[in-house]
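Since the structure comes first, as structure tokens, the remarks are kept for the end.
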Amino acid sequence: MAVALQRVGKRSLVLERWHELRESGGALSLFPNAWRALDAIGVSHKLKPLYHVIQNGDVTNIETGAKQSQSFAQKQDDGAEKGARVIHRKALLQAIAEELTPEAIRFSSKLVSIKTEQLPDSSTVAVLHLEDRTIIKAKAVIGCDGVHSVVAQWLGLGSPRHSGRSAVRGMAVYTEGHGFGLQSHQFLSEGTRAGFSPINKTDVYWGVSHYSTAKEHEMWHDPELIRKATLEDLLAEFPAEFKEVVRRSEPESLSWVRLNYRAPWEVLLCRVQRGCITVAGDAMHPMTPDLGQGGCLALEDAIVLARCVARAGTAKEMEEGMSRYVAERRWRAAWVVAASYFSGFVQQAPSGLWTRPA
Ligand SMILES: Cc1cc2nc3c(=O)[nH]c(=O)nc-3n(C[C@H](O)[C@H](O)[C@H](O)COP(=O)(O)OP(=O)(O)OC[C@H]3O[C@@H](n4cnc5c(N)ncnc54)[C@H](O)[C@@H]3O)c2cc1C
């Protein structure tokens, strides 16, 4: 967001709660809409040479053994390859952050509350209270603070809903080369959906989504318990090559999260802007990861918001620009939240519910 704003001549200060750039989940898939956004902010050229387009993929039904294959990569008009690439989250954050001056990011700055203050000229400023007791006054605030956003709460948005599902993720490193080519593999089993994809020649990203259990939170903070439960409980019937990917995963890459989302009607109808304060990314529209679009939409948000406020000089113009951004993003985000939820629901449903008889 800060880079997109910088590109249209708007200076901003990023407040980050951690003392450094930190990611969770290891990697993510970025689809062509995300690459268009990264093109627009002048960052994609740093990442494309490192990460190649996934050429094809297959989906295997664990119970029946049936397998479907599909080709993904397409050519753009200029002959360049178009499609999804799986990239390290850290590389994405670094590629974006290095476009900013070091002073533009203030680390160890956890936002805890927001107030507003009326100025003598009757304009309003946001007063941000940080955990370390620092107070920052801002003409405009864009909450890009993720699924448990303080800014979203201040705007009156409810807490995200639990989808009833959770996901385990990790990243394996094959120093000798994994040999999977540029192909992704997905597996469906009753109540479980899993897959792995190459990131580059040595690294492989994998994930398993499943119905949440009451006991899983006991494992969240212990990587070896996560690995054991994944291999023995979730992937017991899965192919040996998938289990090997999990065995090879770096302990620090293993994580287990509940999958939350905001109901599409809340994205459409609830207040996501007050004056010059709004939200973007997961703070506005958290979604289940079934279409791999949460991060892609966060990048789209940045481009649209920057475009909408590019010409704003006064507080009133900034507020109007943010209103145009909200109007433009609501429908798009609500549809993708709904489509992601439905996609996960169908693919993980009990066998026979959505499948055609053979
Ligand atoms: C299992 C899983 C798989 C996924 N796979 C994909 C995928 O393949 N492709 C894809 O596009 N998306 C994927 N997503 C979704 C994607 O991870 C998110 O949509 C994306 O990270 C949202 O970006 P964001 O910047 O809005 O929020 P975040 O990435 O959560 O970033 C929020 C930032 O704000 C900081 N912060 C939070 N609170 C505060 C505070 N109070 N004060 C200061 N700083 C704060 C955090 O430290 C963090 O740096 C997946 C999600 C999950 C759970």
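Greater than 19 Å separation of Cα atoms is the criterion. Which listed pairs, Lys115/Lys137; Lys110/Lys316; Lys48/Lys201; Lys139/Lys316, meet it? Lys110/Lys316, as the Cα separations exceed 19 Å there.
When the Cα atoms of the range 50-151 are aligned to their principal axes, the ranges along those axes come out at 67, 41, 27 Å in descending order. Structure remark: mean-square fluctuation, Gaussian network model of the chain, C-alpha springs under 10 Å; the largest value among Pro49, Pro264, Pro198 belongs to Pro49.
Our estimate of slack between Asn56 and Lys228, defined as 0.36 nm per intervening residue step minus the Cα-Cα distance, is 58.9 nm. Placing +1 on the Cβ of every Lys and Arg and -1 on the Cβ of every Asp and Glu, with nothing else charged, gives the range 185-271 a dipole about its Cα centre of roughly 320 debye. Among complete DSSP H helices in the chain, those whose alpha-carbon atoms stretch at least 27 Å along the helix's long axis and whose mean Kyte-Doolittle hydropathy reaches -1.0 are 315-347. Once the 1.4 Å probe is applied to the protein heavy atoms, the chain comes out at 51 Å² accessible per residue. Mean residue ellipticity at 222 nm, helices only, the chain: -8500 deg cm²/dmol; runs of at least 4 DSSP H residues each add -39,500 (n - 2.57), and the sum is divided by the number of residues. Taking GluC sites (Glu not before Pro) across the range 1-36, the ones in a DSSP loop with at most 13 further Cβ atoms lying within 10 angstrom of their Cβ are Glu20.
The charge dipole of the range 50-158, taken about the Cα centre with unit charges on the Cβ atoms of Lys, Arg (+1) and Asp, Glu (-1), comes to about 200 debye, rounded to the nearest 20.
Fully extending the segment from Val173 to Glu63 would add 36.7 nm, taking 0.36 nm per residue of separation and subtracting the current Cα-Cα distance. Under the convention that each Lys and Arg Cβ holds +1 and each Asp and Glu Cβ holds -1, the size of the dipole of the chain around its Cα centre is about 880 debye.
On the protein heavy atoms, probe 1.4 angstrom, tell me the percent of accessible surface of the chain carried by carbon and sulfur. Of all accessible area on the chain, carbon and sulfur atoms account for 54 percent.
Remark: the range 185-193, residue by residue, has Karplus-estimated 3J(HN,Hα) of 10, 10, 9, 10, 9, 4, x, 9, 9 Hz, where x stands for each Gly or Pro and the curve is 6.51 cos²θ - 1.76 cosθ + 1.60 at θ = phi - 60°. Three principal axis extents of the range 1-67 based on alpha-carbon atoms, in descending order, are 56, 27, 18 Å.
Dipole orientation for the range 241-339: of the candidates Val304, Met287, Met318, Met318 has the Cα lying most toward the positive pole (charges on Cβ; Lys, Arg +1; Asp, Glu -1).
The values are calculated or read from the model by the stated rules, or taken from the named source; none is laboratory data. Model, not experiment: these values are computed from the prediction. Cβ coordinates were reconstructed from backbone atoms using ideal geometry, including for glycine residues, and neighbour counts include every protein chain displayed. Surface areas here come from the heavy atoms of the whole protein model, side chains and all, with no ligands, DNA or RNA. Shrake-Rupley method; radii C 1.70, N 1.55, O 1.52, S 1.80 Å.
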